[in-house]
Amino acid sequence: MNVGIAYADKFKQTWLKLEVPDGSTVQEAIEHSGLLRQFPDIDLDNQAVGIFGKLTKLDAKVSDGDRVEIYRPITADPETVERRDRDNDGDDE
């Protein structure tokens with residue numbers, strides 16, 4: 001069956017389409033993709049994963065056409081980061 005695997009670090013976005021055996025889990029699909037070798041900073045024990053934007057577990061079965069996503073950990077606490085004024089274009093008038 002065909003699945004997609006998506007991951008992005010600070011510098012590069014990767015989206016792979018690959019064939020995995022029927023009955024594969026999310027973890028097996030990720031391992032089969034080679035992304036763990038390409039991005040050694042991925043830590044599946046501590047990073048969330050999902051299918052089409054919905055959180056899931058590593059032992060969940062994938063279906064044909066699924067897009068498996070590996071999410072990076074949040075590096076800034078949104079509660080403490082000052083909000084940017086999206087309407088401010090730099091003019092003080």
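Data overview
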read-out: Residue among Glu28, Glu19 that is within 17 Å of Leu55 (Cα to Cα) and either in contact with a helix residue (DSSP H, G or I) (Cβ under 8 Å, 6 or more places away or on another chain) or charged (D, E, K, R) (or both); value: Glu28
read-out: Selected residue (criterion: surrounded by the fewest Cβ atoms within 10 Å (Cβ to Cβ)) from residues of the stretch 43-55 that are over 10 Å from the mean Cα position of the chain (by Cα) and touching a residue at least 24 places away in the same chain (Cβ under 8 Å); value: Asn46
read-out: Filter pass, Phe11 being under 15 Å from Glu69 (Cβ atoms) and of a type in the set (Phe, Trp, Tyr); value: no
read-out: Some residue of the stretch 54-77 being over 18 Å from Met1 (Cβ atoms) and acidic (Asp, Glu); value: yes
read-out: Set Gln38, Gln13, Gln27: member being modelled with pLDDT under 95 and surrounded by 13 or more Cβ atoms within 10 Å (Cβ to Cβ); value: Gln38
read-out: Leu58 at pLDDT 95 or above, of a type outside the set (D, E, K, R), in a loop (DSSP other than H, G, I, E, B) and within 14 Å of the chain's Cα centre (by Cα); value: yes
read-out: Residues that are in contact with a helix residue (DSSP H, G or I) (Cβ under 9 Å, 6 or more places away or on another chain) and either more than 17 Å from Tyr71 (Cβ to Cβ) or not in a strand (DSSP E or B) (or both), drawn from the stretch 31-55; value: Leu36, Ile42, Leu44
read-out: Residues that are closer than 15 Å to Arg72 by Cβ and either of a type in the set (Gly, Ala, Ser) or part of a loop (DSSP other than H, G, I, E, B) (or both), drawn from the stretch 1-24; value: Ala6, Ala8, Asp9, Lys10, Phe11, Lys12
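The values are calculated or read from the model by the stated rules, or taken from the named source; none is laboratory data. If you're wondering where the values come from, they're calculated on a predicted model, not measured in any experiment. No Cβ is skipped: glycine too gets one built from the backbone with ideal geometry, and neighbour counts run over all protein chains shown.
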